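Worksheet for the structure shown next.
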Amino acid sequence: MGAPPTSTPQHHLMDIAFLTDTMNQLLAGVPLTLELTFISVTAGLFLATIMAVLRASFLPCAWFVRGYVFILRGTPLLLQIFLIYYGIGQFAAVRGSILWPFLREPYWCAILALTLNTAAYGSEIIRGGLQSVPAGAIEAARVCGMSGLLLYRRIILPLAIRQALPAYSNELIAMVKSTSLASIVTLMEISGIAYAIISETYRALEVFLCAGSLYLLINFLLTRAIAALEWWLNPQLRRATP
Amino acid sequence: MLASYLTLIGFGPQGWGWQLCLATLTTLAVSVAAYIVGLLFGTIGAWAKLSDLGFARGAADVYTTVVRGIPDLLVIYLFYFGGSQLLTSLAHALDQPGFWGLNPFTVGMLAVGIVSGAYQTEVLRGAYLAIPGGEIEAARAVGMSRLLMLRRIIAPRALRFALPGMGNVWQQVLKESALISVTGLTEILRQIHIGAGSTHLPFDFYITGFLLYLLLTSLSGICFRGAEFWTLKSERRPTLPLPRSGRGLGWGRRPPQRPSTT
C-alpha cells in the first residue's frame with residue numbers, strides 16, 4: 001500500500017490555520033454583539049432611571065416597579081426572549097398591529113428582551129445609588145433654591161451615578177455576555193457563528209478558545225473604559241499632583 | 001379563557017401538568033447538582049486564592065477572570081460538544097468505535113457548576129477575609145489544630161458572612177439552568193418550548209414558564225432568608241420581656257418564662 005490518505009480528519013489539537021480561519025469568521029460577529037449591547041444598554045439605562053425615580057415616588061407606581069423587577073429578575077433571560085419572540089405572536093391583535101414588522105424580527109425581539117431585562121437590574125442599582133445620596137446634600141441644594149429637575153441634574157444624579165458605577169459595570173459585563181442568548185433566536189453574533197462552526201467541524205475546544213478570547217477582550221476593554229470613567233467622575237479620590 | 005388555560009396546564013388527559021411537574025423537578029435537580037459542583041470549585045478556588053502558593057493564586061485568578069468574562073452559553077457548548085469530542089477520541093484510542101457523548105444532565109451540571117464556582121470563589125474568599133483576625137488567633141492560642149479550627153471557627157463564621165452571597169449564586173444557578181435546554185435536557189424551558197410548539201399556544205406556555213421560575217426563585221429566596229436568620233442567631237438582639245401592663249391583648253410575644261426556683 002502507498003502513503004496513508006491525507007483526507008482523513010486527522011487534525012491536531014492546535015492547528016494554527018484553523019484557529020486563524022475561525023477567528024476571521026468570528027470577527028464578523030463582533031459588530032452585531034456590540035450593537036446589541038449598545039442599543040439595549042442605552043435604552044435600558046433610560047428606562048432604569050425612570051423606574052428608579054418612579055420607585056421612589058408615589059405608591060401605585062412604586063408597586064408597579066417592584067412587581068416588574070421581581071418578575072424580570074426572577075426568571076431566566078432566555079425565557080423572556082422566547083416569550084417575546086414566540087409568545088406574543090399568538091394574539092391576532094399583535095399580528096395585526098403596526099408593531100408587528102418589528103416584533104416579527106428576531107433582532108428587535110432580542111433587543112426588546114435585553115432592554116427590559118437590563119432595565120430591571122439597572123433600576124435596582126440606580127435606586128441604591130439614589131439612596132446613598134446624603135440628605136444633607138439635598139437639603140443644602142434646596143437651601144440654595146434648587147428644586148425639581150435642576151436638583152436632580154446638578155446634585156442628586158452626579159452623586160448617585162458615582163456611587164452606582166461599580167455595580168453598574170458588573171451589569172454591563174453581564175449584558176455583553178447575555179447578548180450570546182440572541183444566537184438562540186437565530187442572530188449570527190459571536191456565539192451564533194461559534195455554534196455554526198462547532199456543529200460543522202465538531203472542534204469545540206478551538207472555537208471556544210477563539211470566541212472566548214473575543215468576549216474576554218471586549219469585557220477587558222469595557223472594564224478599562226469604566227475605570228477611566230470612574231477616575232474622571234471622582235476627582236476627590238485622585239492624588240494631588242505635586 | 002381561564003378555564004381553557006387551566007385545562008391546558010392541569011393534570012387531565014389534555015393537560016400538561018405532569019410533564020411540567022417533572023420538568024420542574026429536573027430543573028431543581030440539575031440546579032442542585034450544579035450548585036454542589038460550584039460549591040466544590042468555589043471552595044478550591046477560594047483556598048487557592050488565599051494560599052501562599054503563587055501558582056495556585058495565579059491559576060485561581062485565571063479561572064475566575066476567564067469564566068466570569070465569557071458567556072455561559074459558550075461554556076455549555078464547550079462541554080456538550082467538547083465533551084463528546086474528548087470521549088469519542090478516548091474511546092477510539094481504546095478500540096471502542098462509535099460515538100460517545102456526555103449525557104445532557106452531566107453537561108449541564110458541570111458547565112453551570114464550573115461557571116457558578118467562579119462566583120462562589122469570590123463569595124467564599126470574601127467571607128473568609130471578613131472573619132476577624134483575633135478569632136483565628138484566639139483559636140490558635142487555645143491550641144486548636146488546623147482541621148479543628150476550620151470546623152469549629154472558620155467554617156461557621158465564614159458561612160454566616162457567605163450566606164447572602166451564596167443565596168445570590170443559587171438564584172443565578174437556577175436561572176442559568178434554563179440554558180441547559182440547548183443540550184436537549186427536558187427541564188422547564190425545554191418542556192415549555194415543546195408544549196408551545198405542539199399546541200400552538202406559545203404565550204400560555206411561556207407565561208407558565210414565568211410562573212414556575214418565579215415560584216422556584218421566590219421559594220428558595222425564602223429558604224435562604226430563613227437560613228440567614230438562623231445563622232445570625234447569636235447576633236440578634238434579645239427580645240425584651242414585655243411589661244405585664246394590663247393593656248394590650250395579653251397574648252403578645254413573650255419570652256419563655258424561666259422555671260421558678262423556689
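Read the figures in this text as sums done on the coordinates, not as results from a lab. These numbers come from a predicted model, not from an experiment. No Cβ is skipped: glycine too gets one built from the backbone with ideal geometry, and neighbour counts run over all protein chains shown.
Taking the simple approach of a point 7 Å from Cα along Cα-to-Cβ for both residue B:66 and residue A:137, what is their distance in nm?
4.1
Please give the FRET efficiency for residue A:239 paired with residue B:215, using the beta carbon to beta carbon distance and R0 = 56 Å, rounded to the nearest 0.05. Walk me through the numbers on the way to the answer.
Numbers: r = 52 Å, r/R0 = 0.93.
After rounding, the FRET efficiency stands at 0.60.
Which whole number of Å³ per residue matches the convex hull of the alpha-carbon atoms in the range B:83-239? Display every interim value, and only then the final one.
On the way: hull volume 24.3 nm³, N = 157.
Dividing the Cα hull volume of the range B:83-239 by its residue count gives 155 Å³.
Straight-line reach from residue B:233: which lysines fall under 27 Å, measuring Cα to Cα and dropping same-chain residues less than 8 apart?
Result set, ordered by chain and number: empty.
Quick one: what Rg and Dmax do you get for the range B:107-159 from the alpha carbons, in Å?
That works out to 14.5, 46 Å for Rg and Dmax.
Enumerate the whole-percent occupancy of each 10 Å bin, from 0 to the last occupied one, for all C-alpha pair distances of the protein assembly as shown.
Histogram of Cα-Cα distances, whole percents per bin: 3, 14, 24, 25, 18, 10, 4, 1, 0, 0, 0.
Which net charge results for the neighbourhood of residue A:230, defined as the other residues with beta-carbon distances under 12 angstrom from its beta-carbon, given Lys and Arg at +1 and Asp and Glu at -1?
Details: positive: A:162, A:224, A:238; negative: none.
Net charge around residue A:230: +3.
Would you list, by chain and number, the lysines whose Cα falls below 30 Å from the Cα of residue A:177, excluding same-chain residues fewer than 8 positions away?
B:49, B:175
Helix check for chain B. Which DSSP H runs span at least 27 Å along their own axis by Cα, with a mean Kyte-Doolittle hydropathy no less than -1.0?
Values: long enough: B:17-50 (48 Å, 1.43); B:104-130 (38 Å, 0.93); B:155-176 (29 Å, -0.09); B:202-231 (43 Å, 0.95).
Going by DSSP H runs, the hits are B:17-50, B:104-130, B:155-176, B:202-231.
In percent, what relative contact order does the range A:17-232 have, based on Cα pairs under 8 Å that are 6 or more apart in sequence? Spell out each step's value before the answer.
Details: 204 pairs, mean separation 66.5, N = 216.
About 31 percent, as a whole number.
Of B:149, A:51, how do they rank once you tally other Cβ atoms within 10 Å and put the fewest first? Mind dumping the intermediate values first?
Values: B:149 18, A:51 24.
So the ranking, lowest neighbour count to highest, is B:149, A:51.
Give me the net charge of residue A:76's neighbourhood, meaning all other residues with Cβ under 15 Å from the Cβ of residue A:76; Lys, Arg count +1, Asp, Glu -1. Please list the in-between numbers first.
Details: positive: A:73, A:177, B:175, B:190; negative: B:72, B:176, B:187.
Net charge in that neighbourhood comes out at +1.
With only alpha-carbon atoms in the gyration tensor, what are the semi-axes of the equivalent ellipsoid for the range A:1-150, in Å, largest first? Display every interim value, and only then the final one.
Numbers: eigenvalues 450, 115, 38 Å².
Semi-axis lengths for the range A:1-150 are 47, 24, 14 Å.
Let me know the longest stretch in chain B that avoids all chymotrypsin sites (Phe, Trp or Tyr not before Pro) found in a DSSP loop with at most 10 other C-beta atoms within 10 Å. It would help to have the intermediate numbers written out before the result.
Details: sites that count: B:99, B:251.
Longest run free of exposed loop sites: B:100-250.
For the range A:87-189, just the Cα set please: Rg and Dmax, both in angstrom.
19.6, 56
Once every DSSP H run of n ≥ 4 in chain B is given -39500 (n - 2.57) and the sum is divided by its residues, what mean residue ellipticity at 222 nm do you get, rounded to the nearest 500 deg cm²/dmol? Display every interim value, and only then the final one.
Details: 11 runs with 179 residues, N = 262.
Dividing the helical sum by the residues of chain B leaves -22500 deg cm²/dmol.
Per-residue ellipticity at 222 nm for chain A, helices alone: DSSP H runs ≥ 4 residues times -39500 (n - 2.57), over residue total, nearest 500 deg cm²/dmol? Show your work: numbers first, answer last.
On the way: 12 runs with 172 residues, N = 242.
Dividing the helical sum by the residues of chain A leaves -23000 deg cm²/dmol.
Just going by the charge dipole of chain B, with Lys and Arg at +1 and Asp and Glu at -1 on Cβ, which of B:221, B:99, B:38 is farthest out on the positive end?
Value: B:221.
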